[in-house]
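The values are calculated or read from the model by the stated rules, or taken from the named source; none is laboratory data. The structure displayed is predicted, hence computed values, not measured ones. Quick reminder, even Gly has a Cβ in these numbers, built from the backbone with ideal geometry, and neighbours come from all protein chains shown.
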Amino acid sequence: MAVLSKFDLGHVGIFVRDLSQMVRFYQRVFGFVITDAEVTSDGETRGVFLSRNPEEHHQLVLVARDGDPVRDQSAIQQVSFRTDSLAEVRRTYFALREEQLEHIDPVTHGTAWSVYFRDPENNRMEIFTDTPWYITQPFVAPVDYNKPDDVLYKETEQLCRSQPSFRMMSEWRVDVAEHIQHALTALSRTP
């Protein structure tokens, strides 16, 4: 498999036993703010997205354990690497297919184009690149990386615009920057 030309650690997801306690800890000690949450149909919060950087929708994802045997074996929910383009995500997708991995999942979150896969020890990995759009997370829709970039761009934009929470990511970042500044100011006042 060809090595990714450029990538950075994007975010980490971890499974937690006490979601509300862990969220409060990361808010109180590190100044993270909640940027999104996954709430089940019965109103229970299952996952929380957190960030300290308005350029990042999330830097940390905390997900409640739910008795899934895979989740009970590891604290790692996922490790995600950001690359610089949709073309690079597509290239990675095809390279992963050449590896003949069992679980390769090409998706869009609206906020990103991604490929999820399992490494040889069954750790969940993601390669992604950001889109210019924001929609409430979590959101997942399949992507066909056989299509050209311009087609995927148009299809994803249309999908995002159909969501009630749609706005440009640049607008979302302004709002989150205010929340982060407020949280960091409050944190700096704490003795």
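Before moving on, here are some points about what is shown:
- Within the stretch 28-45, the set of residues being part of a helix (DSSP H, G or I), out of contact with any Lys or Arg (no Cβ under 8 Å at 6 or more places or on another chain) and either surrounded by 18 or more Cβ atoms within 10 Å (Cβ to Cβ) or hydrophobic (A, V, I, L, M, F, W, C) (or both) comprises just one member, V29.
- Considering the stretch 81-100, the residues that are of a type in the set (S, T, Y) and assigned to a helix (DSSP H, G or I) include one that is nearest to V143 (Cα to Cα), namely Y93.
- Flag if D84 is surrounded by 14 or more Cβ atoms within 10 Å (Cβ to Cβ) and either among the aliphatic types (A, V, I, L, M) or at pLDDT 95 or above (or both): no
- For N146, the requirement of being modelled with pLDDT under 90, part of a loop (DSSP other than H, G, I, E, B) and surrounded by fewer than 15 Cβ atoms within 10 Å (Cβ to Cβ) is not met.
- Residue that is surrounded by the most Cβ atoms within 10 Å (Cβ to Cβ) [pool: residues in the stretch 89-112 that are touching a residue at least 40 places away in the same chain (Cβ under 8 Å) and charged (D, E, K, R)]: R90
- Exclusive hit being in a loop (DSSP other than H, G, I, E, B), among the polar types (S, T, N, Q) and touching a strand residue (DSSP E or B) at 6+ places or on another chain (Cβ under 8 Å), set Q78, Q137, Q163: Q137
- If the condition is being more than 30 Å from A95 (Cα to Cα), of a type in the set (A, V, I, L, M) and at pLDDT below 90, then the stretch 1-47 contributes V16, M22, V29.
- Qualifying position, being in contact with a strand residue (DSSP E or B) (Cβ under 6 Å, 6 or more places away or on another chain) and modelled with pLDDT under 95, among E121, E126: E126
- Taking (1) at pLDDT 95 or above; (2) assigned to a helix (DSSP H, G or I); (3) hydrophobic (A, V, I, L, M, F, W, C) in turn, W113 satisfies each apart from (2).
- The residues on offer are T190, T156, T131, and the sole one that is out of contact with any Phe, Trp or Tyr (no Cβ under 9 Å at 6 or more places or on another chain) and hydroxyl-bearing (S, T, Y) is T190.
- Per this entry, V89 is counted among residues that are hydrophobic (A, V, I, L, M, F, W, C) and modelled with pLDDT under 95.
- For the stretch 166-191, the set of residues classified as surrounded by 12 or more Cβ atoms within 10 Å (Cβ to Cβ), at pLDDT below 90 and either not in a helix (DSSP H, G or I) or not β-branched (V, I, T) (or both) consists of H179, Q181, H182, A183, L184, A186, L187, listed by residue number.
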